[in-house]
Amino acid sequence: EAAEARFIANNPLSKKQHELAVGVLPGGNTRTLLHTSPFPLTMKQGKGAYVWDKDGHKYLDLVGELTAGLYGHSNPVIRETIVSTFDNVGLSLGSTTVQEHKHAALLCSRFKLERVRMANTGTEANMHALAGARHFTSRRKVVVFSGGYHGAVFSFPNGKPAPNTVDKDDFVVVPRYNDVDLAVSTIKSTPDLAAVLVEPMQGAGGCIPGTKKFLHAIQDAAHEVGALYILDEVMTSRLAPYGLGVKLGLKPDLVTMGKYLGGGLAFGAFGGREKVMAVYDPRVEGSLAHSGTFNNNTLVMSVGYEALKRVFTEEACVELNQRGDRLRERLMQVTKVTKILFTGKGSLIGVHFVDKSLESITCGEDIQDKERRDLRDLFWFEMLEEGFWTTRRGFVALTLETEEHELEGFVEAVGEFVERHRDIV
Ligand code: PLP
């Protein structure tokens, strides 16, 4: 309560902004996830590795726009590409473009896809991948996992489709991620199964990595019953040079992507086996339409291409994820003997406050009813006071701009938090 009172006192302009915004936006906001009580902070500028709020506080940006902000706020390649595309190409040409081909070719070679198509968001990528799988198999049902998040209209918290999930009745939700037997038996016993859709590491579900055994077992089971295996790499493609699926030796029929692959602008893509992707080939009679005014807009195609080719190279990818692994280890060191747990892989970290010591978390159900929301909120308020911008629900996505010494500053702040609150952590 004291921390919340300080938050209110320290942020009068954000508070005012919120009061104005609720007059036109329900709840004052357009992204539910970003709503925080008593009001969200309004950021007004990002530069390099930092963001500034309306009241003038400076924060190290550890939100990284939920992985889409991989490049930070001031990458010169991105700036130069935006300006030169505007000056020399134009924004959207109402035609197929060279830029779309170039980005598609790069995505195919980098992520080992035979064919790819573009969209505007990860949600759309999953929507089209599911429609494609249904068309290809002439079946309808989709197996997904509790805690899975596949976009605004495809989320499955607590073992059920969220109320806004489209075609809710067509999803069969396996109640525990990483439970091999339960998943395999569900896949084998679901009639009319078109696809199994899974994140190789649950992102929004708490940065919980899928085990290699689990991800291979469900792939094999899907194939055994003639269903497609769709890997949602919207968050995880950044975790290894060719994506997490390739690193784990998986062979999905379709892969969905998005976030940072548009260079920080709105982006989505889905791709995979040539035979499956042919359902979207307009030269084939009876194929599916896949339209979208901005699917191939020159700005995103150019920026996404240059950023992946020149900035997030395979070497940069390895280095960033090593930096993340080192950070996670350091965070665990300073929180030893507490009930705070850091999950995830490489540059994506989940922060969990639970009511008893846990070695690891293999699915959301491990921590259901054990989460200490009071402590989580206290952590968020106090990290803000220390100058660190993290998500309230405990998610950290590193950007390329963040340097080792800045991360060490975060480790120190977390260590001090633990010391300050010894009695409750
Ligand atoms: N799939 C996963 C795994 C995601 O984490 C997200 C977004 O967080 C999406 C899909 C949806 O992407 P978008 O927000 O671009 O629609």
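With the Cα gyration tensor of region 1-152 giving a ≥ b ≥ c as the square roots of its eigenvalues, does the rule (a/c under 1.5 for rounded; else a/b larger than b/c for prolate; else oblate) give rounded, prolate or oblate? Because a/c hits 1.5 or more and a/b fails to exceed b/c, region 1-152 counts as oblate.
Treat every Asp and Glu Cβ in the chain as -1 and every Lys and Arg Cβ as +1, leave all other atoms uncharged, and give the resulting dipole magnitude about the Cα centre to the nearest 20 debye. If you can, show how the numbers build up before the last one.
On the way: 49 positive and 53 negative charges, 140 e Å.
The calculated dipole for the chain is roughly 680 debye.
Rounded, prolate or oblate, given the Cα gyration tensor of region 269-367, with a/c below 1.5 counting as rounded? Prolate, since a/c reaches 1.5 and a/b exceeds b/c. Less than 5 angstrom separates the built amide H of Gly258 from those of Ala269, all sequence-distant by 5 or more or on a different chain. Any chance you could tell me what percent of the C-alpha pair distances in the chain go past 31 Å? Counting pairs separated by more than 31 Å, the tail of P(r) holds 41 percent. Percent antiparallel among DSSP beta bridges with both residues in region 123-251, to the nearest 5? Looking only at bridges with both residues in region 123-251, the antiparallel portion is about 25 percent.
Could you tell me the relative contact order of region 76-311? Use alpha-carbon pairs under 8 Å, at least six residues apart, and round to a whole percent.
With pairs under 8 Å counted, the relative contact order is 29 percent.
Between the amide H of Val354 and those of Leu341, Arg372, distances stay under 5 Å, these residues lying 5 or more places away or on another chain, with hydrogens modeled in the peptide plane.
The C-alpha atoms of the chain define a longest principal axis, and helix 180-189 lies at about 40 degrees to it. In terms of its C-alpha gyration tensor, region 1-40 comes out oblate, because a/c is 1.5 or above while a/b does not outweigh b/c.
Tell me what the chain gives for mean residue ellipticity at 222 nm when only DSSP H runs of n ≥ 4 count, each as -39,500 (n - 2.57), the sum divided by the residue total, rounded to 500 deg cm²/dmol.
On the way: 13 runs with 153 residues, N = 425.
Computed ellipticity for the chain at 222 nm equals -11000 deg cm²/dmol.
Distance between the 7 Å Cα→Cβ label points at Ser138 and Lys168: 3.1 nm. Among the listed pairs Lys160/Lys212; Lys16/Lys259; Lys54/Lys309; Lys16/Lys339, those whose Cα-Cα separation exceeds 28 Å are Lys16/Lys259; Lys54/Lys309; Lys16/Lys339. The loop-placed GluC sites (Glu not before Pro) in region 240-345, going by DSSP, that have at most 13 neighbouring Cβ atoms within 10 Å of their Cβ come out as Glu285.
The distance linking region 5-36 with region 351-393 is 22 Å (Cα centroid to Cα centroid, whole angstrom). Taking Cα atoms only, the orientation of helix 122-137 departs from the longest principal axis of the chain by about 30 degrees. Residue by residue, region 287-292 carries 3J(HN,Hα) couplings of 6, 7, 7, 9, 10, x Hz when phi is fed to the Karplus relation 6.51 cos²θ - 1.76 cosθ + 1.60 (θ = phi - 60°); x denotes Gly or Pro.
Near the amide H of Met201, within less than 5 Å, lie the amide hydrogens of Gly210, all on another chain or at least 5 residues away, with H placed in the peptide plane. For region 48-136, the spread of Cα positions along the three principal axes, ordered from largest to smallest, is 53, 34, 24 Å. Over the Cα atoms of region 76-311, the radius of gyration divided by the Kirkwood radius equals 0.98; this is the Rg/Rh ratio.
Among the trypsin sites (Lys or Arg not before Pro) within region 315-403, those in coil by DSSP and having at most 12 neighbouring Cβ atoms inside 10 Å are Lys336, Lys356.
Between the Cα long axis of helix 212-224 and the first principal axis of the chain there is an angle of about 30°, rounded to the nearest 10. Checking every one of the trypsin sites (Lys or Arg not before Pro) in region 65-125 against DSSP loop status and a limit of 16 other Cβ atoms within 10 Å picks out Lys112. Remark: region 266-281, residue by residue, has Karplus-estimated 3J(HN,Hα) of 4, 7, x, 7, 9, x, x, 4, 4, 4, 6, 5, 5, 5, 9, 7 Hz, where x stands for each Gly or Pro and the curve is 6.51 cos²θ - 1.76 cosθ + 1.60 at θ = phi - 60°.
The string of couplings for region 197-203 from the Karplus curve (6.51, -1.76, 1.60, θ = phi - 60°) is 10, 8, 8, x, 9, 5, x Hz, one whole number per residue in order, with x for Gly and Pro.
Every read-out reported here was derived from the displayed coordinates using simple, explicitly stated rules and does not represent laboratory data. Keep in mind that this is a model prediction, so the values were computed, not measured. Quick reminder, even Gly has a Cβ in these numbers, built from the backbone with ideal geometry, and neighbours come from all protein chains shown.
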